[in-house]
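Report on the following structure.
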Amino acid sequence: MFEHNVEITKATDCLNAGKLVAIPTETVYGLAANAFNEKAVATIFAVKNRPRFNPLIIHSNSLQRFESWGITIPEVVKKLAEQFSPGPITYVVPASQAIPELVTAGHQSVAIRIPNHPLTLNLLSRLNYPLAAPSANPSGYVSPTTAAHVAVQLGNKVCHILDGGPCKVGIESTIISLVQQKPVLLRHGAITVNDIEKVLNQQVEVYNTFQNNSPLAPGMLSKHYATKTQLILAEDDSINLFEPENTGAIRFCSYHPLIPKSNQYILAEDGDLITAAANLYAAMRMLDNKGFKLIIAQPVPNEGIGVAINDRLQRASIKE
Ligand code: TXA
Ligand code: MG
């Protein structure tokens, strides 16, 4: 506990000085800065090489705190938060004057989230501002799910990495927009459309971010969450493999029959989708570092968090 205190104090000092801190959350590690300090927020964009049109999520430890910064919380968000927050969900709500334009990318809305990680909740409770935090990876690459992942890519660019262990969920938060009449799902995550519909007793529109290019979902269209090695999604194990020994495989729960076992990563031996999600990005990174010519990924059952896993694999496989 004492060690945690020292670590959180270090993180607080960095943030108060306008510097960046990598923070653990239950989904993925975030690259955080004081959301009210435009210079600090600009550093996030620079370090990630993130296009300025792509807005950031702001994080705090309660809905009341967001309200204290002038953000009006719609009733539907209160209802959802009662069930799901702190947790792996982000709400897009009308913005307030207090939020810098750089954070919202000039939109009238702002994305808010209460992450469920004890260290980060403790950190957030000590700050008198929200943390703007995208995933702590270079723009377009796979998100980090351990402190070591952050250290490899951005270690020298942050003031501190708050190590909270491996992320339990392993996939970015569900994003639900509540700025229009109807709730619209912008990003799949651990909390599913069905989960949300049950709480709201209302249908949720699922935005097709593969086809549309709308201001409602900036930053979702392009290739994303991707390995440097070309990745393809292959349902069928009998496809013609050019060089099996130069091919890596991401598998749900069984080995590919034609690829050396040492080239393969099984996401969940017992077929549990929650385990598969927690391992997905570590698998992508591990295989990406082996110098294969190709990675083939097997889609997982398209149910529960499996929908989000397949969504990420599909985005990783988009050709630029
Ligand atoms: O799980 C997560 O959400 C992680 C952790 C660190 O909290 N964060 C994360 O941030 O995934 P990022 O920046 O990698 O993805 C945020 C997504 C982007 O696609 C962005 O376009 C969208 O949220 N977003 C942010 N503000 C928005 C807004 N006002 N309207 C619509 N989409 C928004
Ligand atoms: Mg990201």
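What follows draws every value from the coordinates through simple rules; no lab data is involved. This one's a predicted model, so the numbers in the text were calculated from it and none came from an experiment. Note that each Cβ is placed from the backbone with ideal geometry, even for glycine, and that neighbours are counted across all protein chains shown.
Close amide-amide hydrogen proximity is noted between Ala95 and Ser109, Val110, each under 5 Å apart and 5 or more residues distant or on a separate chain (H modeled in the peptide plane; Pro and chain starts excluded). Between the amide H of Gly87 and those of Ile114, Asn116, distances stay under 5 Å, these residues lying 5 or more places away or on another chain, with hydrogens modeled in the peptide plane.
Cysteines in the chain lacking any other cysteine Cβ under 4.7 Å from their own Cβ: Cys167, Cys253. Measuring r between the beta carbons of Glu205 and Leu233 and using R0 = 35 Å, the FRET efficiency lands at 0.90. Is the range 1-52 best put as rounded, prolate or oblate by its Cα gyration tensor, with a ≥ b ≥ c the root eigenvalues, rounded for a/c under 1.5, and otherwise prolate when a/b is larger than b/c, oblate when not? Here the range 1-52 falls in the oblate category. Loop-located chymotrypsin sites (Phe, Trp or Tyr not before Pro) across the range 1-91 with a Cβ neighbour count of 12 or fewer within 10 Å are Phe53, with loop assigned by DSSP. Normalising the average separation of contacting C-alpha pairs (under 8 angstrom, six or more residues apart) by the number of residues puts the relative contact order of the chain at 19 percent.
Relative contact order for the range 71-217: what is it in percent, counting Cα pairs under 8 Å that are at least 6 residues apart? Dividing the mean separation by the residue count of the range 71-217 yields 24 percent.
Looking at the range 91-234, the DSSP beta bridges with both ends there are about 60 percent antiparallel.
Using all Cα-Cα distances in the range 107-154, what percent lands in each 5 angstrom bin from 0 up to the longest? Spelled out bin by bin, the range 107-154 gives 4, 16, 20, 22, 22, 12, 3, 0 percent.
The antiparallel fraction among DSSP beta bridges confined to the range 176-314 stands at about 15%. When exposed loop sites are taken as trypsin sites (Lys or Arg not before Pro) in a DSSP loop with at most 13 other Cβ atoms within 10 Å, the longest stretch of the chain clear of them is 53-222.
The Asn16 and Ser262 beta-carbon pair, evaluated with R₀ = 45 Å, returns a calculated FRET efficiency of approximately 0.45.
When each pair of different Cα atoms in the chain is counted once in the 1/r mean, what is the Kirkwood radius in angstroms, to one decimal? About 20.0 Å, per the Kirkwood formula over Cα pairs. If you take all other residues with their beta carbon under 11 Å from the beta carbon of Ala226, and give Lys and Arg +1 and Asp and Glu -1, the sum is +3. The magnitude of the dipole of the range 7-166, with charges of +1 and -1 set on the Cβ of Lys/Arg and Asp/Glu and taken from the Cα centre, is near 260 debye.
Between Glu303 and Glu67, the distance separating the two model label sites (each 7 Å from Cα on the Cα→Cβ line) works out to 3.9 nm. Is the shape of the range 141-251 rounded, prolate or oblate, going by the alpha carbon gyration tensor and its root eigenvalues a ≥ b ≥ c, with a/c under 1.5 for rounded and a/b larger than b/c for prolate? In terms of gyration-tensor shape, oblate. Toward the positive end of the charge dipole of the chain, about the Cα centre and with charges on Cβ (Lys, Arg +1; Asp, Glu -1), which of Gly155, Ile176, Val204 goes farthest? The listed residue farthest towards the positive side: Gly155.
Which of the three applies to the range 251-299, rounded, prolate or oblate, going by the alpha-carbon gyration tensor with a ≥ b ≥ c and a/c under 1.5 meaning rounded?
Verdict is oblate for the range 251-299.
Each of Ala105, Ile309, Asn289 was scored by the projection of its Cα onto the charge dipole of the chain, and the greatest displacement toward the positive side belongs to Ala105; charges sit on the C-beta of Lys, Arg, Asp and Glu. Near Ala249, the amide H atoms lying under 5 Å from its own belong to Gln264, Tyr265, Ile296; only residues 5 or more places off or on other chains count, and H is placed 1.01 Å from N.
For n ≥ 4 DSSP H runs only, could you compute -39500 (n - 2.57) per run for the chain, divide by its residues and tell me the 222 nm figure to the nearest 500? Result for the chain, helices only: -9000 deg cm²/dmol. For the residue pairs Lys198/Lys319; Lys39/Lys157; Lys48/Lys168; Lys10/Lys223; Lys48/Lys223; Lys10/Lys157, the C-alpha atoms sit more than 25 angstrom apart in Lys198/Lys319; Lys10/Lys223.
Residues considered: Ile239, Ile191, Ile250. Largest GNM mean-square fluctuation over the chain, using C-alpha springs under 10 Å, is found at Ile239. Dipole magnitude for the chain: computed about the Cα centre from +1 point charges on Lys and Arg Cβ and -1 point charges on Asp and Glu Cβ, it is near 860 debye. When only Cα pairs below 8 angstrom with a gap of at least 6 residues are kept, the range 134-227 shows a relative contact order of 24 percent.
Beta-bridge orientation, the chain: approximately 40 percent antiparallel, per DSSP, counting only bridges with both partners inside.
Could I get the Rg over Rh figure for the range 185-320? Both from C-alpha atoms, Rh via Kirkwood, rounded to two places.
1.00
The alpha carbons of the range 30-116 occupy a box of 36, 25, 19 Å along the principal axes, longest dimension given first.
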